[in-house]
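Q: My structure is below; once you've seen it, I'll send some questions.
The values are calculated or read from the model by the stated rules, or taken from the named source; none is laboratory data. Only a predicted model underlies this, so the values are computations on that prediction, with no experimental measurement involved. Neighbour counts run over all protein chains shown; Cβ positions are idealised from the backbone, glycine included. Side chains are part of the model used for accessible areas, which takes the heavy atoms of the whole protein and leaves out ligands, DNA and RNA. Shrake-Rupley method; radii C 1.70, N 1.55, O 1.52, S 1.80 Å.
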Amino acid sequence: MLSRRVAAFGFAWDGLRYISRTQPNWRIHIAIAVVALVLGLVLRVTPLELALLTLTIGFVLALECVNTAIESAVDALGGAPSFAVKCAKDSAAAAVLVGAIFAVIVGAIIFAPRLLLLF
């Protein structure tokens, strides 16, 4: 039983390695996440705000993983391109876009007041 759980973590790490190697948007999200977290530390956001930033970042990264999984699964099915395939891929990408838009809103709510005080 324990070996199955350890194997499951290995599969998850394989997935993260695949995503980080093949998905340019993943690397963009990671870079923006690092900037947001460093900015949060520099601007001394509260622990609650830092937790909210971290959760928001995790949400966007998780959506990017799901998007990649859906795209890969649809591609693995093969077959001719269809409207259903387009809808599946576009909807998965839209989920990431919606998450990223709301992440920007969260970042603006947390950072804007502090940044405005600097000017």
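Q: Can you name the condition, by its number, that N25 falls short on among (1) free of Cβ contacts under 8 Å to residues at least 24 places away in the same chain; (2) polar (S, T, N, Q); (3) closer than 18 Å to A103 by Cα?
A: Against the list (1) free of Cβ contacts under 8 Å to residues at least 24 places away in the same chain; (2) polar (S, T, N, Q); (3) closer than 18 Å to A103 by Cα, N25 comes up short only on (1).
Q: Now, a different point. Quick one: count up the residues across the stretch 75-107 that are of a type in the set (A, V, I, L, M) and open to solvent by less than 50 Å² (accessible area, probe 1.4 Å).
A: 10
Q: Please work out which one of (1) within 12 Å of the chain's Cα centre (by Cα); (2) open to solvent by less than 80 Å² (accessible area, probe 1.4 Å); (3) of a type in the set (K, R) is the condition R27 fails and give its number.
A: Going through (1) within 12 Å of the chain's Cα centre (by Cα); (2) open to solvent by less than 80 Å² (accessible area, probe 1.4 Å); (3) of a type in the set (K, R) one by one, R27 breaks only (2).
Q: Would you please name the residue that is nearest to the chain's Cα centre (by Cα), looking only at residues in the stretch 45-64 that are open to solvent by 40 Å² or more (accessible area, probe 1.4 Å) and touching a residue at least 12 places away in the same chain (Cβ under 8 Å)?
A: F59
Q: Still on this structure, I have one more. Out of all the residues in the stretch 65-113, which are of a type in the set (A, V, I, L, M) and in contact (Cβ under 8 Å) with a residue 60 or more places away in the chain?
A: Within the stretch 65-113, V96, A100, I110 qualify.
Q: Right, here's the next one. With the structure loaded, tell me whether S3 is open to solvent by 60 Å² or more (accessible area, probe 1.4 Å), in a helix (DSSP H, G or I) and among the polar types (S, T, N, Q) or whether it fails that test.
A: Answer is yes for this residue.
Q: Taking L41 as the residue in question, decide whether it is hydrophobic (A, V, I, L, M, F, W, C), open to solvent by 40 Å² or more (accessible area, probe 1.4 Å) and modelled with pLDDT under 95.
A: no
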